Amino acid sequence: MEQVRILGIPGSIRRNSYNKMLLRAASSLLPEGAIMEIYEDLHLIPPFNQDEERNPPEPVKELKRRIKEADALVFATPEYNYSVPGVLKNAIDWASRPHGDNSFDGKPAAIMSASIGMIGGARAQYHLRQMFVFLNMYPVNLPEVFVTFASQKFDSQGNLLDQDAKKFISMLLTNLVDWTRFLKSRRLTEAKISS
């Protein structure tokens, strides 16, 4: 069975980000036949400037390359002011431009979030799903993974302690890998029919 390569993208650049910890936990909960890399360079992406979209800076080129090479994406984002953090939106804007060079086009994706509050980042997830429509991404819908009161769910080494969260993350990743394989086989079948 062909290996599924997943790129994990955190929505925070904070050193001790719960969402980076969430991605690290997810990388140990992958189903057989899947691997995950975590994108750690969000802080290097400059503010989006449409004047530069056809000649983006090197960190943006690297982000676009890694997205294109991945079979699937996992976003882990906190919620700021009822939405995704500006650094994540900024990276998405760069990686989806210029017109005709949308790195996200056709990618299967999953979302999870960790937040210190009781909603767990739900509104940020819903805004991200709205972006997926324009980006032409194929999200996994279930299960929804919200890690609430995140400061109580990780130990001092950044290990996820919540067993229910681990169970839902594992289910989400299994669904993402299955969905990725399904979409890939469908594309192969369509390509054979059209040739």
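The values are calculated or read from the model by the stated rules, or taken from the named source; none is laboratory data. As the structure is a computational prediction, the values presented were derived from the model and not from experiment. Here the Cβ positions follow ideal geometry from the backbone for every residue, glycine too, while neighbour counts run over all protein chains shown.
The condition of being surrounded by 15 or more Cβ atoms within 10 Å (Cβ to Cβ) and under 12 Å from the mean Cα position of the chain (by Cα) does not hold for residue 34.
Among helices (runs of 4 or more DSSP H) entirely within region 1-102, having at least 1 residues that are among the acidic types (Asp, Glu) and over 17 Å from residue 128 (Cβ atoms) singles out 58-69. Going by the structure shown, is residue 6 surrounded by 22 or more Cβ atoms within 10 Å (Cβ to Cβ), in contact with a strand residue (DSSP E or B) (Cβ under 8 Å, 6 or more places away or on another chain) and either under 27 Å from residue 157 (Cα atoms) or of a type in the set (Ser, Thr, Tyr) (or both)? Considered against the rule, which asks whether it is surrounded by 22 or more Cβ atoms within 10 Å (Cβ to Cβ), in contact with a strand residue (DSSP E or B) (Cβ under 8 Å, 6 or more places away or on another chain) and either under 27 Å from residue 157 (Cα atoms) or of a type in the set (Ser, Thr, Tyr) (or both), residue 6 comes out as yes.
Residues that are of a type in the set (S, T, N, Q) and touching a Phe, Trp or Tyr at 6+ places or on another chain (Cβ under 8 Å) were ranked within region 125-168; the one that is surrounded by the fewest Cβ atoms within 10 Å (Cβ to Cβ) is 151. With respect to residue 113, is the statement that it is surrounded by fewer than 22 Cβ atoms within 10 Å (Cβ to Cβ), under 14 Å from the mean Cα position of the chain (by Cα), among the small types (Gly, Ala, Ser) and at pLDDT 90 or above true? Considered against the rule, which asks whether it is surrounded by fewer than 22 Cβ atoms within 10 Å (Cβ to Cβ), under 14 Å from the mean Cα position of the chain (by Cα), among the small types (Gly, Ala, Ser) and at pLDDT 90 or above, residue 113 comes out as no. Name the single residue that is farthest from residue 25 (Cα to Cα) among those in region 124-170 being outside any loop (DSSP other than H, G, I, E, B) and of a type in the set (Phe, Trp, Tyr). Of everything passing the filter in region 124-170, 134 is farthest from residue 25 (Cα to Cα).
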